[in-house]
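What follows is a single structure, written as structure tokens, with notes after it.
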Amino acid sequence: MGADDYILKTTPPAVLLARLRLHLRQYSAQPATQVAPETPAVQAQVQVHKTLHFGLLCIDPVNREVTLAEENIVLSTADFDLLWQLATHAGHTMDRDLLLKNLRGVSYDGMDRSIDVAISRLRKKLHDNALEPFRIKTVRNKGYLFAPNAWESAIP
């Protein structure tokens, strides 16, 4: 698994510091070719995401900012993460189970309405029509669809 050392919880701080310095020296002294390859999970975490643009909608994952027609849209962390999931899969229907697994690591139990509530909040903040949404659409018995071509005008 790549472990080089084992440190007990009761290790004195001076010993911990000495071991950390040793490992840092060893790691920095290794040529780049000897560094262990990263697992796909680690590669996905360090991958830099680029800003997404859909007409007047701009989603910046680095600064976690969303703008619509140059208006800054304030989103909670959970709402931003949901929007990012939908936008990175624009044009594809995402079901509740997949959204819950990706966002919270839990499976959909058939009763949880938190995704529906979050979608409703997103629609309101992104000026989508509540009665007939055209930006984040509900696909009956399937899930939700982020419409990539529905962002040309700011307010319907």
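Read-outs: derived from the displayed coordinates by stated rules, not from any lab. As the structure is a prediction and not an experimental result, all values here were calculated from the model. When we count neighbours, we look across all protein chains shown, and the Cβ atoms used for this are built from the backbone with ideal geometry, even at glycine.
In segment 47-156, which GluC sites (Glu not before Pro) fall in coil by DSSP and have 11 or fewer other Cβ atoms within 10 Å?
Numbers: sites: GLU65, GLU70, GLU71, GLU152; in loops: GLU70, GLU152.
Loop-located and lightly packed - GLU70, GLU152.
With the crude spin-label approximation of a point 7 Å out along Cα→Cβ, what separation in nm comes out for LYS9 versus ASP116?
Once both label points are built, they end up 4.4 nm from each other.
I want the local charge near GLY105. Using Cβ-Cβ distances under 15 Å, sum +1 for each Lys or Arg and -1 for each Asp or Glu among the other residues. Please report the intermediate quantities before stating the final value.
Numbers: positive: ARG96, LYS101, ARG104; negative: ASP81, ASP97, ASP109, ASP112.
Net charge around GLY105: -1.
Taking the alpha-carbon distance from LYS137 and a cut-off under 17 Å, which aspartates and glutamates remain once sequence neighbours fewer than 8 residues away in the same chain are dropped?
Cross-link targets: ASP79, ASP95, ASP97, ASP116, ASP128, GLU152.
Once phi is turned into ³J(HN,Hα) by the Karplus curve 6.51 cos²θ - 1.76 cosθ + 1.60 with θ = phi - 60°, what whole-Hz value does each residue of segment 70-75 show in order, with x for glycine and proline?
The phi angles translate into 6, 9, 6, 9, 7, 10 Hz.
So who's got an amide H within less than 5 Å of the one on GLU65, skipping anything under 5 residues away but keeping other chains? H placed 1.01 Å off N, in plane.
ASP60
As an exercise, identify the trypsin sites (Lys or Arg not before Pro) in segment 64-156 lying in DSSP coil whose Cβ has no more than 16 other Cβ atoms within 10 Å.
On the way: sites: ARG64, ARG96, LYS101, ARG104, ARG113, ARG121, ARG123, LYS124, LYS125, ARG135, LYS137, ARG140, LYS142; in loops: ARG64, ARG113, ARG135, ARG140, LYS142.
Hits after loop and neighbour filter: ARG64, ARG113, ARG140, LYS142.
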